[in-house]
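The values are calculated or read from the model by the stated rules, or taken from the named source; none is laboratory data. Bear in mind that the values here come from a model prediction, so they are computed numbers and not experimental data. Backbone-built Cβ (ideal geometry, glycine too); neighbour counts: all protein chains shown. These area figures cover heavy atoms from the full protein model, side chains too; ligands, DNA and RNA do not enter into them. Shrake-Rupley method; radii C 1.70, N 1.55, O 1.52, S 1.80 Å.
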Amino acid sequence: MTLLKFVDDEWGPLGSFNWFATHGTSMSRTNSLISGDNKGAAARFMEDWFERKGSVRMDSVGFENDGIPRRISNIIPSLHDNHHELLELAASFQSPPGKPATKTSSVARRVRGVLTQVDKPRFVSAFCQTNCGDVSPNVLGAFCIDTELPCDFNHSTCGGKNELCYGRGPGYPDEFESTRIIGERQFKKAVELFNGASEQIKGKVDFRHAFIDFSQLEVNPSKVGASEVVKTCPAAMGFAFAAGTTDGPGAFDFKQGDDQGNPFWMLVRNLLKTPGKEQVDCHHPKPILLDTGEMKLPYDWAPSILPIQILRVGQLVILSVPGEFTTMAGRRLRDAVKTVLSGSKGFGSNIHVVIAGLTNTYSQYVTTYEEYQVQRYEGASTLYGPHTLSAYIQEFTKLARALISGQPVEPGPQPPDLLDKQISLLTPVVMDATPIGVKFGDCSSDVPKNSNFKRGDMVSVTFWSACPRNDLMTEGTFSLVEFLQGKDTWVPAYDDDDFCLRFKWSRPFKLSSHSKATIEWRIPQDVTPGVYRIKHFGAAKGLLGSIHHFTGSSSAFVVA
């Protein structure tokens, strides 16, 4: 992990960016919830850690006993000691009917919005992606779900089937726990680097950017050890691409490591586009499943013109790549650029080179030449043939030399603007409705009367709701846990940003206009005892297209 710490002369630390390679696939494709995955969790943990670190006693490493930042217990004091009084107080707050709300209601109740200090910048921590192409957060390995035995090593299959081979995260079988653990590991390392940061960034701020046509790019033979000039190819996907990975297996009879293909799927492929001999030879040993670079209807199936960019901030150099480089491909690119920059005027030898992965556009994976020959998922997803990495190294070294010399670079061909041609298969929301006698925001399933919960318990409340796509609550929250302060003041305690709170939306059947939202709160171990309630914010669409916002609250309950 490489971490860049931002410090203001007046305010002190303002934030940090770090680069570490791991896929955001702790939550598998069976997850139907919107999630920032392990990197989102890590960012939330670190920002909360910083916001509270000056106001709470911490151990020498800077963590609470469970490793997760404690926050709510520092925001609101524990005002109640008599458990019987708490139960009586909670009983006086029964679930009210749902009621209309303003568009900004949920924004105003966001926990971190309430905590914002107007005269001080908010701390921002970014957990950036880098060359994660072959790095999985499912660190326990891949196992067959039918036999519990490890998958076949070379092809990631179980009895010849890829559908049964799944990777397991450290919290297996709980994906939420795996996400928390992988996020926490990145968070802890980031805090270690943040606290120990001592090297000051000095020097110029500069960049070079170019668009490159990767479909037929000539690569100097010295870059690949060849005797003649080689070329990249128009984009194409191999058979092993359809096999997926152990983080998300594919379907049918595809498997990783397939460098032959099979006649049936080649016949299906040919119905879409039959690749010519030159294209087949160019991609060898990849057997082409989809000739995406030569498929143009309704618009290009794959990009040809890609942006590459090199950024300099003092002795830190960031390589912005439009794809997922594997560990070794990323290492070779960094080493090549560092070799060009080292010892040059204005740089010296102390250079830090990082890769910013999946930047500016997306063009699948990039493997080394050797990895490409094996044709696992990543090699089959390397769009422009076996010399793709060599092309990147060649073009990035050009940018690096231009950066050293202060010379401009040719901007290159402009990519096509396809914004007006995009096709969406997502059907619009027609309307939302509730059963007769029910209002949006009414509780469908409330907490039990006189509820009394303990730390670690799960509290679940279901509301009559509407499609979340009516308003994405970008600056607000769909769900909220509030704490009763005094006799009648509700203070925001946890919202959608918190790992312990989950918002689940569903319809009774696909074409129904009725829907429900279930909010689950796993009570943290460090929660402040007291009276709480769960709140839901939403927006419903009327038959004529008008959007109206609503809110609902559960009955109050006690956390002891």
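Within the shell of other residues whose beta carbon sits under 12 angstrom from the beta carbon of Lys103, the net charge comes to -2, with Lys and Arg scored +1 and Asp and Glu -1. Rounded to whole numbers, the Karplus 3J(HN,Hα) couplings from phi for the range 27-42 are 8, 7, 6, 6, 6, 9, 9, 6, 8, x, 6, 5, 6, x, 4, 4 Hz, using 6.51 cos²θ - 1.76 cosθ + 1.60 with θ = phi - 60°, and x at Gly and Pro. Taking the average, over residues, of other Cβ atoms within 10 Å as the packing measure, peptides 3-13, 35-45 rank 35-45, 3-13 from highest down. Out of all DSSP beta bridges in the range 205-405, what portion is antiparallel? Express it as a percent rounded to 5. Percentage antiparallel, nearest 5: 70. Accessible surface computed residue by residue for the chain, with neighbouring protein chains in place and a 1.4 Å probe, gives 49 Å² per residue. Within the assembled protein chains, the solvent-accessible surface assigned to Phe207 is about 110 Å², based on a 1.4 Å probe.
Can you tell me what share of the DSSP beta bridges in the chain is antiparallel? A percent to the nearest 5 is fine. Antiparallel: roughly 85 percent of the beta bridges in the chain.
Under 5 Å between amide hydrogens, built in the peptide plane, is the criterion, and for Cys132 it picks out Phe325 among residues at least 5 positions away or on other chains.
In the range 236-336, which trypsin sites (Lys or Arg not before Pro) fall in coil by DSSP and have 13 or fewer other Cβ atoms within 10 Å? For trypsin sites (Lys or Arg not before Pro) across the range 236-336 that sit outside H, G, I, E and B with at most 13 neighbouring Cβ atoms in 10 Å, the list reads Lys296. Here's the list of lysines a cross-link from Lys449 could span, going by alpha-carbon distance under 30 Å and ignoring same-chain residues fewer than 8 apart: Lys99, Lys439, Lys487, Lys504, Lys516, Lys535.
Applying the Karplus relation 6.51 cos²θ - 1.76 cosθ + 1.60 with θ = phi - 60° to the range 286-300 yields 3J(HN,Hα) values of 6, x, 6, 9, 10, 8, 4, x, 10, 9, 10, 10, x, 7, 3 Hz, where x marks Gly and Pro. For the range 205-405, the average shadow cast by the Cα convex hull is 11.9 nm², which is a quarter of the hull's surface. The residues neighbouring Pro287, those whose beta-carbon lies less than 11 Å from its own, together hold a net charge of 0 under the Lys/Arg +1, Asp/Glu -1 convention. The protection proxy used here, the mean number of other Cβ atoms lying within 10 Å of each residue, ranks peptides 145-158, 540-553, 421-434 as follows, highest first: 540-553, 145-158, 421-434. Taking a straight Cα-Cα cut-off under 18 Å and skipping sequence neighbours fewer than 8 places away in the same chain, the lysines within cross-link reach of Lys273 are Lys286, Lys296. Rounded to the nearest 10 degrees, the inclination of helix 263-272 to the longest alpha-carbon principal axis of the chain is 80 degrees.
Taking amide H positions as modeled 1.01 Å from N, with prolines and chain starts lacking one, the residues under 5 Å from Thr157 and 5 or more places away or on another chain are Asp152. With a Förster radius of 45 Å applied to the beta-carbon distance between Lys202 and Met328, the computed FRET efficiency rounds to 0.90. Karplus-based coupling profile of the range 430-446, in residue order and whole Hz: 7, 6, 10, 8, 10, x, 4, x, 10, 9, 4, x, 5, 6, 8, 9, 8, with θ = phi - 60° in 6.51 cos²θ - 1.76 cosθ + 1.60 and x standing for Gly or Pro.
At a Cβ-Cβ separation cutoff of 4.7 angstrom, cysteine residues of the chain with no neighbouring cysteine are Cys128, Cys132, Cys443, Cys467, Cys500.
I'd like the distance between the alpha-carbon centres of the range 168-195 and the range 30-54, rounded to an integer number of Å. Cα centroid to Cα centroid, the span is 10 Å.
Lys and Arg at +1, Asp and Glu at -1: add these up for the other residues within a Cβ distance under 13 Å of Ile355 and post the number. Residues near Ile355 contribute +2 overall. Lysines within cross-link reach of Lys5: Cα-Cα under 25 Å, excluding same-chain residues under 8 positions apart? Filter leaves Lys39, Lys53, Lys120, Lys188, Lys189, Lys202, Lys204, Lys338. Sparsely packed loop sites in the range 137-243 (the trypsin sites (Lys or Arg not before Pro) outside DSSP H, G, I, E and B with at most 16 other Cβ atoms within 10 Å) comprise Lys202, Lys204.
Largest to smallest in accessible area, the residues Glu395, Glu192 fall in the order Glu192, Glu395 (1.4 Å probe, all protein chains included).
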